Structure formats: C-alpha cells, structure tokens
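Just below is one structure, and these are the notes that go with it.
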Ligand SMILES: Cc1cc2nc3c(=O)[nH]c(=O)nc-3n(C[C@H](O)[C@H](O)[C@H](O)COP(=O)(O)O)c2cc1C
C-alpha cells in the first residue's frame, strides 16, 4: 500500500514536472518569436529608411545633374555667342575658411574681391580675362572636392596615388574657335590636380597654343609644364607661364595683368 502510494506520488510529480517544462519551452519559444518579429520589424524600418534615403539621394543626384547641365549650358552659351579665340580654362578649389584670414594655412588659398570669395586660380583667371578678353571656362568635377583643408589634401593624395581620372562635369562645346588656351591650376602635391589629367586627355589641343599659369605654396610649376607637353604632343606649350606664390596672389593684380598683356594675344 505504501509502495503504491509512493508510485502514484512519483507519477504525479513527473507529470507536473513535464507540464511545467512544456509551458516554459512554449514561453521561451514565444519570446523567440517576439524577438524575431521585432527584428523583422526593425529590418523593415531600416529598409524603409534606406529606400527613403535612396530616393532622397536619387532626387538630389537628379538636381545635381540638372545644375551641372545648366552650368555647362551657360558656359557653352557664352562661348558660342562670342567670337573669342582665347579660352581661359582653370581649376580652383577655394578652401572653406574664415574670410577674416584667421586660418593662415588654408586662408592663403582664397582672395576676397568685392566681397566675393574666390580661389586663387579663379582670381588669376578673372584678372587675365579683364586684361586680354577671352572666354572663361571653369574645369569642374562631378564629385565636388571637400573645402576643408585636411580632407582636401587627403583626397588629393589618394587620387594621385591611384592615378585617378575624376569625372568632369563641365565641357567645352566649341573648342574649334580657340587657338590659345590659357590653362590655370594649383600645384597639388608637386603635380597638377588629377582632374587636369582628365581634362588634357579628354580634349585634343593639336595645333593650339597652351599657356599655363599656377598658384602654389613654394613648389612653382614643379614638372607640370613638361607633363602638359607630354599629354598634348601636338600643341605648343609655352615656357613663359605665370607662377605665383599663394601668399602673394591677392596682391598680384598688376603682375598678373602685365604678364597677360605681354603674351601678344
Ligand atoms: C591638396 C593640396 C595639395 C597642395 N600641394 C602643394 C604642393 O605640393 N606644393 C605647393 O607649392 N603647394 C601646394 N598646395 C598649395 C596650393 O597650390 C595653393 O594653395 C593654391 O594657391 C591653391 O589654389 P586654389 O585656391 O585656386 O585652389 C597644395 C594645396 C592643396 C589644397
């Protein structure tokens, strides 16, 4: 009788134990399902966000493309309307600095003229045009450069290491009308900025004269004049280009002007 009671009690205890176990497994399975649902939800949210971001990026990409088209159309229009034979093509990245000149390193990359902030090469190109006439053409890239000094020098170094050819967003449509190209660029890491390579490989300046001008932090032209001659073997690349230290550009209006006037254009 005692054995029977003990057996019954044991059976009862085992049944209860299994039932408890089952419900805790169910509970933990539910928790996993809930967690999975939450994860899926958050994945959906993330994907949803990504889609919105993509849309925004697409829209802004379209806007950028429109702006680039407009820009290119503008320069084309002004050039087609003119009968100029001189083209002043330049590349310039006016670094984003305190225009009071507090940032002494990067501050030397800009000139403030009539309240307008210009890159050194942009300023030089303007003075040249005021002196000899001609059409202005700004070489611009599809991907804009950072205007802060450190990221800018880093990106320029990476592009040079990779021998990159950054895509241009502005085009000369009427190259035939020009016999002389004044070509302005800053010295970047002892060389031309890589977009200048894209530019010089994209166009054929055979039979034309190229006159380089540069601004720099001490390196002058480095070897860039020879490089231009190598990239455009059938153009005449003049040796009497203008090279001005970046710290002197802002005060060099007269020097730039008399150099341009003496070119015989
Ligand atoms: C990425 C980068 C690299 C540079 N590397 C050199 C260099 O190797 N030698 C030099 O003399 N100046 C160098 N400079 C100074 C520029 O040539 C100078 O600031 C120039 O005036 C910039 O012209 P911009 O304002 O029209 O772009 C460098 C500037 C930058 C932004």
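Throughout, read-outs are computed from the coordinates displayed, never taken from laboratory work. Predicted model, so just to flag it, every value in this text is computed and none were measured. For neighbour counting, all protein chains shown are included, and Cβ atoms are generated from backbone atoms with ideal geometry for every residue, glycine included.
Annotations for the structure displayed:
- Each of residue 230 and residue 130 was given a label point 7 Å from its Cα along the Cα-to-Cβ line. The distance between the two points is 3.7 nm.
- Virtual spin-label span in nm between residue 248 and residue 204, 7 Å along Cα→Cβ: 4.0
- Taking a ≥ b ≥ c as the square roots of the eigenvalues of the Cα gyration tensor, an a/c ratio of 1.5 or more together with a/b larger than b/c marks segment 127-192 as prolate.
- Rounded, prolate or oblate (a/c below 1.5 giving rounded, otherwise prolate when a/b exceeds b/c) for segment 85-261 by Cα gyration tensor: oblate
- Segment 85-261 - share of DSSP beta bridges that are antiparallel (%, nearest 5): 20
- For segment 190-230, the residues whose amide N sits under 14 Å from a probe point set 7 Å from the Cα of residue 157 along the beta carbon direction are 190.
- Residues in segment 110-124 that a label on residue 258 would reach, taking backbone N under 19 Å of a point 7 Å out along Cα→Cβ: 124
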